[in-house]
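Here the structure comes first, spelled out in structure tokens, and everything after it is commentary.
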Amino acid sequence: MKKYTYTEKKDTRSGFGAGLLEAGKKNDQVVALCADLVGSLKMQDFINAFPERFIQVGIAEANMIGMAAGLTIGGKIPFTGTFANFSTGRVYDQIRQSVAYSDKNVKICASHAGLTLGEDGATHQILEDIGMMKMLPGMTVINPCDYNQTKAATMAIAEHEGPVYLRFGRPVVPIFTDPDQKFEIGKAWMVNEGADVSIFATGHLVWEAILAGEKLAEEGIDAEIINIHTIKPLDEEAVLKSAKKTGCVVTCEEHNRYGGLGESIAQLLSTHQPTPMEFVAVNDTFGESGTPAELMKKYGLDSSNIIDAVKKVMKRK
């Protein structure tokens with residue numbers, strides 16, 4: 001098992017803020033809009049550098065999406081910012097009609113996704129956003145794993161032509177990826193090569209998969225861990241190659257088991273290469289208030305649950 005260490009923890013939303021600033025420096029067509037959550041989205045550095053390229057929309061998310069769609073007609077590259085729940089569920093009609101159907105070059109950037117929003121509870125958490133967004137034709141869906149990868153992804157989507165949903169979070173998590181990485185949309189990242197089981201993880205669950213892999217290695221189980229940061233378009237070649245090698249699969253995500261990464265991989269495998277599979281995800285329920293760590297444990301999303309899923313699926317090979 002390849003060893004991953006870290007010297008610092010940081011929230012992925014700060015990676016978005018840093019990436020937005022760099023994207024703005026590189027391209028003067030990059031503009032930002034926010035629905036009254038500048039601090040939460042870490043957008044202040046961009047605003048300080050480019051005040052004329054920022055629009056504070058206020059608590060009017062539907063208007064924000066419409067304005068962003070309109071800005072693309074003049075060649076601008078708008079990044080919208082609010083919580084994931086408000087970025088998707090509250091404005092799905094506007095995204096579907098004004099952005100996806102019209103194929104507008106809008107970057108929908110969503111913080112505080114999943115259970116790890118924590119104490120704000122179920123009304124602010126969202127566990128179905130990946131499914132909602134991946135079903136929109138032409139929508140790219142990205143869910144990076146740490147600060148560095150979120151920064152790199154934010155810079156990469158500024159250069160990508162077409163609508164994007166970028167999902168990230170509030171809690172501080174280990175920084176373990178390369179600070180100078182080149183982010184390739186649609187290209188999975190091999191975290192650890194292995195032979196016994198394929199673990200496909202996304203977002204905050206990538207680090208939990210690494211922790212699980214270390215424990216499994218101590219028991220003689222050689223896990224292949226792959227970071228699926230781009231859920232759509234899915235790196236089908238990487239998934240099929242790994243599943244063929246190991247013969248069994250576990251998917252890990254901070255999302256409802258319906259509609260997320262696991263469902264995409266299950267559809268791919270059932271069509272091309274039927275493979276025993278287990279899901280580490282929220283089991284069709286809403287969240288609740290609690291610390292991120294408490295919620296990850298209660299809803300079955302930590303490394304111990306990944307270990308259990310691996311042992312279960314390996315018996316089905």
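No value in this document is a laboratory result; all are computed from the given coordinates. These numbers come from a predicted model, not from an experiment. Note: ideal-geometry Cβ built from the backbone for every residue, glycine included; neighbour counts use all protein chains shown.
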(message) Please arrange 154, 123 by how many other C-beta atoms lie within 10 Å of their C-beta, fewest to most.
(response) 123, 154
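Taking 8 Å as the Cα distance limit and 6 or more residues as the minimum spacing, I'd like the relative contact order of the stretch 172-223 as a percentage.
41 percent
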(message) Amide H of residue 280 versus every other amide H placed in the peptide plane: which residues, excluding those fewer than 5 positions away on the same chain, fall under 5 Å?
(response) 251, 252, 253
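State whether the stretch 21-104 is rounded, prolate or oblate according to the following rule on the C-alpha gyration tensor (a ≥ b ≥ c being the square roots of its eigenvalues): a/c under 1.5 gives rounded; otherwise a/b larger than b/c gives prolate, and the remaining case gives oblate. Working shown, then result.
Details: a/c = 2.19, a/b = 1.26, b/c = 1.74.
Note, shape of the stretch 21-104 comes out oblate.
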(request) Convert each backbone phi in the stretch 70-78 into a coupling constant with the Karplus relation 6.51 cos²θ - 1.76 cosθ + 1.60 (shift: θ = phi - 60°), then list the ³J(HN,Hα) values in order as whole Hz, x for Gly and Pro. (result) x, 4, 5, 5, x, x, 6, 10, x
(message) Could you list 244, 107, 10, 3 so that the one with the fewest beta carbons within 10 Å of its beta carbon is first and the one with the most is last?
(response) 3, 244, 10, 107
(message) Compute the angle between helix 205-218 and the longest alpha-carbon principal axis of the chain, please, reported from 0 to 90 degrees and rounded to the nearest 10.
(response) 20 degrees
(request) Starting from the amide H of residue 82, placed 1.01 Å from N in the peptide plane, find each other amide H under 5 Å away whose residue is 5 or more places distant or on another chain. (result) 109, 111
(message) Please compute the contact order of the chain in relative form: average sequence separation of alpha-carbon pairs under 8 Å and at least six residues apart, divided by the residue count, as a percent.
(response) 19 percent
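Could you list the chymotrypsin sites (Phe, Trp or Tyr not before Pro) in the stretch 226-317 that lie in coil according to DSSP, counting only those with at most 14 other Cβ atoms within 10 Å of their Cβ? Intermediate results must be reported in sequence, preceding the final value.
On the way: sites: 258, 279, 286, 299; in loops: 258, 286, 299.
Counting only loop positions with at most 14 other Cβ atoms within 10 Å, the chymotrypsin sites (Phe, Trp or Tyr not before Pro) in the stretch 226-317 are 286.
Where does the charge balance sit around residue 68 when Lys and Arg score +1, Asp and Glu -1, over other residues with C-beta under 10 Å from its C-beta? Don't skip to the end; give the middle numbers.
Numbers: positive: 76, 104, 107; negative: none.
Result for the local shell: +3.
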(message) Please arrange 45, 284 by how many other C-beta atoms lie within 10 Å of their C-beta, fewest to most.
(response) 284, 45
(message) Can you compute 3J(HN,Hα) from phi for each residue in the stretch 135-152, using the Karplus curve 6.51 cos²θ - 1.76 cosθ + 1.60 with θ = phi - 60°, rounded to whole Hz and x for Gly and Pro?
(response) 7, 7, x, x, 7, 8, 10, 10, 9, x, 9, 8, 4, 4, 5, 5, 4, 5
(request) List the residues whose amide H sits under 5 Å from the amide H of residue 191, counting only those 5 or more places along or on another chain, with H placed 1.01 Å from N in the peptide plane. (result) 225, 226, 227
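Could you quote the convex hull projected area for the chain, Cα atoms only and averaged over all directions, in nm²? Please report the intermediate quantities before stating the final value.
Numbers: hull surface 58.7 nm².
Quarter of the Cα hull surface area: 14.7 nm².
Quick check on the chain: of the DSSP beta bridges with both residues there, what percent are antiparallel, nearest 5%?
20 percent
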(request) Return the sequence-ordered ³J(HN,Hα) values of the stretch 268-276 in whole Hz as given by the Karplus equation 6.51 cos²θ - 1.76 cosθ + 1.60 applied to θ = phi - 60°, using x for Gly and Pro. (result) 5, 5, 5, 7, 10, 6, x, 9, x
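Normalised by the number of residues in the stretch 10-174, what is the relative contact order in percent for Cα pairs under 8 Å and 6+ residues apart?
Numbers: 345 pairs, mean separation 51.4, N = 165.
Reported relative contact order: 31 percent.
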